[in-house]
Amino acid sequence: MAMKVFIKVKDMPGSSTESGREEWSEVRGFSHEMVYPFDMQDMSGTSEPKHGAVKIWKAIDKASPKIYEALAKKSKVGEIDIEFERDNPNDGKTEVYYTIHLEDCRVIYARPHIPTTAEKNEQSLPHMDEVGYAYRKINWTWKSGGQVPTTFDFDDPNS
């Protein structure tokens, strides 16, 4: 089963060789931690939920210099789209089954990384960027079999 993830950062075209994804970067790893500080004894939250950086690992590509420039200059990067693909379990065709859309973003973490021999498996891993993005608004959408969209906006957290 083919499972791929792609990221497109506004004004930072990537170098994907995938047909139809020429301006995207291929994501090799993804992480996004959100935490609700909670006191188990009192069964209550101790503060508001915390949004961590949306972190991705991708091959160093033509977007890389712009990513490091945005971090160094504290520039906004606008909008980011992340799309998760898989083979549809019903017909076997590739489908985008889950998307994340970020607005009003900044690069808050970037690190070039050369995988060590211990990190490599049967496929040779490319030189990588590990990048963390902060955002003001996030949209999560499940797309397989009908759309299920949700949104969180720091400007209107209860909407």
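The values are calculated or read from the model by the stated rules, or taken from the named source; none is laboratory data. Predicted model, so just to flag it, every value in this text is computed and none were measured. Glycine gets a Cβ as well: all are built from the backbone with ideal geometry, and neighbour counts include every protein chain shown.
Of everything in region 14-45, what is exposed (fewer than 11 other Cβ atoms within 10 Å of the Cβ) and hydroxyl-bearing (Ser, Thr, Tyr)? Give them in sequence order.
Those that are exposed (fewer than 11 other Cβ atoms within 10 Å of the Cβ) and hydroxyl-bearing (Ser, Thr, Tyr): THR17, SER19, TYR36, SER44.
Does PRO115 satisfy the condition of being at pLDDT below 90, in a loop (DSSP other than H, G, I, E, B) and surrounded by 12 or more Cβ atoms within 10 Å (Cβ to Cβ)?
Against the criterion (at pLDDT below 90, in a loop (DSSP other than H, G, I, E, B) and surrounded by 12 or more Cβ atoms within 10 Å (Cβ to Cβ)), PRO115 qualifies.
With (1) among the hydrophobic types (A, V, I, L, M, F, W, C); (2) under 19 Å from the mean Cα position of the chain (by Cα); (3) modelled with pLDDT of 90 or more as the list, and VAL148 as the residue in question, which single condition is left unmet?
Failed condition: (3).
Which condition breaks for ASP11 when tested against (1) surrounded by 15 or more Cβ atoms within 10 Å (Cβ to Cβ); (2) closer than 17 Å to CYS105 by Cβ; (3) at pLDDT below 95?
(1)
Select from region 50-72 the residues that are among the basic types (Lys, Arg) and surrounded by fewer than 16 Cβ atoms within 10 Å (Cβ to Cβ) and write down the one among them that is farthest from GLY14 (Cα to Cα).
By that ranking, first place goes to LYS50.
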